[in-house]
Amino acid sequence: METLKKEIKEKKSSKPVRVAGAEAVIKCLLEEGVHLAYGYPGGAIMPVYDELYKYKDKLHHVLTRHEQGAIHAAQGFARVTGNTGVVFATSGPGATNLVTGIADAQIDSTPLVCITGQVASHLLGSDAFQETDIVGISTPVTKWNYQITKASEIPEVIAKAFYIAKSGRPGPVLIDITKDAQFEEFDFSYKKCENVRSYRAVPETDITQIEAAAKLINSAKKPFVIFGQGVIIGAAEKELKTFIEKAGIPSASTALGLSALKTKHPLHVGMVGMHGNYAPNVLTNECDVLIAIGMRFDDRVTGNLSTYAKQAKVVHFEIDPAEIDKNVKTTVAVLGDVKDTLTKITPLIQQNSHPHWLDQFHKLYKKEEEAVINNQLNPTKEGLTMGEVLHTINSQTNGEAVIVSDVGQHQMFACRYANFEQTRSNVTSGGLGTMGFALPAAIGAKMGVPNREVIAVIGDGGYQMTIQELGTILQTKAAVKIVVLNNSFLGMVRQWQELFFDRRYASTVMTNPDFIKIAEGYGIEAVRVSERKNLSNAIEKMVASTEAFFLEVVIEKEDNVFPMVPTGASVSDIRLC
Amino acid sequence: MLIMEDKQKFTVSVYTENNIGLLNRLSAIFLKRHINIESMTVCESEIDHVHRFTFVVEVPEEQIRKVVGQLEKQIEVIRAFYHTEEEIIYQETAMFKLSTAYLYDEKIQNKLKLRRAHIVTITTSFFIIETTGLKEDIDRLYEKLKPYGLLQFVRSGRIAITRPKMAISELLQEFN
Ligand SMILES: Cc1ncc(C[n+]2csc(CCOP(=O)(O)OP(=O)(O)O)c2C)c(N)n1
């Protein structure tokens, strides 16, 4: 052991270079393959920014207009690429402005490394200028965090940060570096982290559980799969497809699982949850074996737990042991990486099909189509619907676009109606429901996959929460397509007020500015559509543009998202109107 | 809606790396579920450089299982366990400061004998009684001494040794 340690030390010190902490930070990032980062400078992080200036050919830094914009951009980047997003911010307000994004990344399992400057170590605890205890503040919403007070800690801590952020169930890591540690010189060398002794990234898979799960699935008459973002994070899209095709199992997605399986796949029966599709919600309470794959039974998915899938035996494929039995009791828990566990189970599955069972989904789909979908896609009323906007986007992009949605009615319409042909195409703030997420996330997404069309679908409310990021588009020329669905309301809240608060529209009416002028002020081509006959042309123009484009669609003011599982109701009591 | 299962007392033992800020991270998990921590102790464990947190809480078993899962998920937590009262041997320590005026009070002297308590310091103005026992033992002594006007009273959190084995050393070997 000792000799091993010595060897590692010697290996490490083979080519040491004397650098300051700030330069070491950049060198670590380059070692981790980072070439793009987002952030906002300030006093306590200036030494790092000075190095960013020197290394600008190797590491491109995107200046956003607010730290929240920076972190959401990094999230958008991470969600479409699967790589860890990197964010810089200064101490105090810079750091606290990251908190919403950190919490969002934590609950949606997004790998991020956030690097914040901190006051000099001799000032810690003295209420110095722009001192804030960001490690304390971010503790409950980070996968890991750490404060560096000595330059020599930088390589090891940053290596650990990247390993932790990305491995197992990913999440955000925050590293706070005091200003003196950024200035301090030391002998730098780097070694990637491959193991943290107190942390097991992927739990061991028990083969007997795989066998038990296979037996249960093979004996099922009405098996039903619900897949989540775990499939995308684990890059197990192909394995999922092979598995469900072999077993012939109708499969539904959670909001974050969307695009892991093509929307039009014959076994894809829609989305579960509060505003999900009718059939998968109702039939959750009729299946005999419920197979959950990389999803966590969020309350927006399950509705009332005491009436959720009580008749079913539950098989849960999951990487995070803390999720097992957290909300829904499992019959068989298959721990491990889904790519691996699905690969192992598929050979044990009998080739099968369940035509009658699948037909039940189709019948209920018809019902939803008649009651809800037709009115959205082919409205007879004058006002434009959010559904038809999504439908038009689908046909003009052939389902190849990345759809980044904000939070509210438009988000649910995007999730319900977008057609996804490729994985990693649905970027939305799921667990936290952060308004203001979409515009900066779309900027990050576009930079992550510059060859793909990236369309942000945003409400008039959420748009104004991070509208300043139009400045980032202006400066970086990120060719993001922005679609604001303007209903002049905080629509989702208004819908609840209509349904559950006797239409008392408390503070949900929006007096909006001229969005076209604002976009034009930032040099972005802008079009407003308020009549159906102009919609298709406008979207065509938007998709044809090689630059950023802003499209405002004036939507029917008081439209609602249906179906809906009211809070506290059972999934099978989903309302069609 | 919380399913109101019977609450029970549990002792949670958490073996961790020795890192600043971990207490914050662990207590936040109890806080998030609105669980009151009845007592807490932190110390070095039987393994070099490994710390042990001992929390006492009263919650339904269903809940403590989930909490332990979430504690264990923290990067620097090596292992977390929960045990019922029957599975552990535990003790608490308390000290009472009283005026020297009561030093020769016979009733006090008798109480001390019964409670296996003893005097650790005597000065001209005060004396200090120390005792070790179960929480209830200390509660009882507290009630008995309270009428004498306690100048100060302090008690420790619970320390506990489990009857079942906690395979922590083996686990660490595996990690290394
Ligand atoms: C930061 C934040 N504040 C408040 C909310 C609560 N909220 C959820 S949806 C919504 C309304 C969104 O309105 P808009 O952006 O116009 O979208 P619409 O629902 O009209 O499509 C609000 C206020 C939230 N999710 N996030």
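Could you give the distance between the Cα centres of region B:115-150 and region A:389-438, to the whole Å? If you average the Cα positions of each part, the centres end up 67 Å apart.
Between their Cα atoms, which of A:Lys222/A:Lys246; A:Lys27/A:Lys160; A:Lys15/A:Lys166; A:Lys241/A:Lys339; A:Lys191/A:Lys339 are more than 19 Å away from each other? Result: A:Lys15/A:Lys166; A:Lys191/A:Lys339 exceed 19 Å. In this structure, the amide hydrogen of B:Ile78, modeled 1.01 Å from its nitrogen in the peptide plane, lies closer than 5 angstrom to those of B:Tyr15, B:Thr16, B:Glu17, counting only residues at least 5 positions away or on a different chain.
Along region A:117-133 the Karplus relation, 6.51 cos²θ - 1.76 cosθ + 1.60 evaluated at θ = phi - 60°, assigns HN-Hα couplings of x, 9, 4, 4, 4, 6, 9, 3, x, 9, 6, 5, 4, 6, 8, 9, 7 Hz to successive residues, with x for each Gly and Pro.
The alpha-carbon atoms of the protein assembly as shown, seen along their principal axes, cover 100, 63, 58 angstrom, with the largest extent given first. If R0 equals 56 Å, the separation of the Cβ atoms of B:Glu136 and A:Asn451 corresponds to a calculated FRET efficiency of about 0.20. Rounded to two decimals, the Cα-based Rg/Rh of chain B, with Kirkwood Rh, is 1.06.
Close amide H partners of B:Leu151, meaning residues 5 or more places away or on another chain with modelled amide H under 5 Å apart, are B:Lys97, B:Leu98, B:Ser99. Its DSSP H runs of at least 4 residues, each contributing -39,500 (n - 2.57), put the calculated 222 nm mean residue ellipticity of chain A at -10500 deg cm²/dmol, to the nearest 500. Inter-label distance, A:Arg197 to A:Asn537: 7.1 nm, where each label sits 7 Å from its Cα along the C-beta direction.
Considering only A:Gln130, A:Pro563, A:Thr434, the residue lying farthest towards the positive end of the dipole of the protein assembly as shown is A:Pro563, judged by Cα position with unit charges set on Cβ.
Under the simplified labelling scheme, the A:Asp206-B:Arg163 pair shows an inter-label distance of 2.4 nm, with each label point 7 Å from Cα along Cα→Cβ. Applying 0.36 nm per residue to the separation of A:Glu369 and A:Thr242 and subtracting their alpha-carbon distance, the gain on full extension is 42.9 nm. Taking every C-alpha pair closer than 8 Å and separated by at least 6 residues, the mean separation divided by the residue count of region A:31-89 gives a relative contact order of 48 percent. Projecting the Cα positions of A:Asn487, A:Thr307, A:His61 onto the charge dipole of chain A (unit charges on Cβ atoms of Lys, Arg, Asp and Glu, taken about the Cα centre) puts A:Thr307 furthest along the positive direction. Near A:Ala526, the amide H atoms lying under 5 Å from its own belong to A:Phe550; only residues 5 or more places off or on other chains count, and H is placed 1.01 Å from N. Across region A:244-336, C-alpha contacts under 8 Å between residues 6 or more apart give a mean separation that, scaled by the residue count, equals a relative contact order of 21 percent.
For the protein assembly as shown, with all protein chains present and a 1.4 Å probe, just round the carbon and sulfur fraction of the accessible area to a whole percent.
Working: 17150 of 32590 Å².
Solvent-exposed carbon and sulfur of the protein assembly as shown make up 53 percent of the total.
By a straight-distance test (C-alpha under 16 Å), which aspartates and glutamates pair with A:Lys150 as possible cross-link partners, with residues fewer than eight away in the same chain excluded? Straight-line reach from A:Lys150, under 16 Å: A:Glu23, A:Asp176, A:Asp180, A:Glu184, A:Glu185, A:Asp187. Round to the nearest 10 and give me the degree value, 0 to 90, for the angle of helix A:21-31's Cα axis relative to the longest principal axis of chain A. Roughly 50 degrees, rounded to the nearest 10.
Each Lys and Arg contributes +1 and each Asp and Glu -1, all at the Cβ; summed about the Cα centre of chain B, the dipole is approximately 580 debye. In this view, the solvent-accessible surface of B:Lys66, computed with a 1.4 Å probe and all protein chains in place, comes to about 40 Å². Against chain A, whose longest principal axis is taken from its Cα atoms, helix A:491-500 shows a tilt of about 50°. Cross-link check: pairs A:Lys264/A:Lys363; A:Lys221/A:Lys329; A:Lys381/A:Lys481; A:Lys310/A:Lys344 evaluated at a Cα-Cα cut-off of 22 Å; pairs beyond the cut-off: A:Lys381/A:Lys481; A:Lys310/A:Lys344. Derived value for region A:207-360: Kirkwood hydrodynamic radius 14.9 Å. Basis is the mean of 1/r over every pair of different alpha-carbon atoms. Taking the Cα centre of region B:90-158 as reference, the dipole from Cβ charges on Lys and Arg (+1) and Asp and Glu (-1) amounts to some 80 debye.
Picking from B:Gln109, B:Gly69, B:Leu134, whose Cα lies most toward the positive end of the charge dipole for region B:67-161 (charges on Cβ: Lys, Arg +1; Asp, Glu -1)? Value computed over the given set: B:Gln109.
Within a straight-line Cα-Cα reach of under 12 Å, A:Lys262 can be paired with the following aspartates and glutamates, leaving aside sequence neighbours fewer than 8 residues apart in one chain: A:Glu237, A:Glu400, A:Glu421. Lysine pairs in chain B whose alpha-carbon atoms fall under 20 angstrom of each other, counting only those eight or more residues apart or on distinct chains, come to 25. Rounded to the nearest Hz, the phi-derived 3J(HN,Hα) couplings of region A:162-175 under the Karplus curve 6.51 cos²θ - 1.76 cosθ + 1.60 (θ = phi - 60°) are 5, 5, 5, 4, 9, 7, x, 7, x, x, x, 10, 10, 10, where x marks glycine and proline.
The mean count of C-beta atoms from other chains within 10 Å of the C-beta of residues in A:138-144, rounded to a whole number, is 4. Computed about the Cα centre, the dipole magnitude for chain A is approximately 1060 debye when only Lys and Arg (+1) and Asp and Glu (-1) carry charge, each at its Cβ.
The values are calculated or read from the model by the stated rules, or taken from the named source; none is laboratory data. Just so you know, these numbers come straight off a predicted model, no measurement behind them. Note that each Cβ is placed from the backbone with ideal geometry, even for glycine, and that neighbours are counted across all protein chains shown. The protein model used for the area step is the full one, side chains on, heavy atoms only, and it has no ligands, DNA or RNA in it. Shrake-Rupley method; radii C 1.70, N 1.55, O 1.52, S 1.80 Å.
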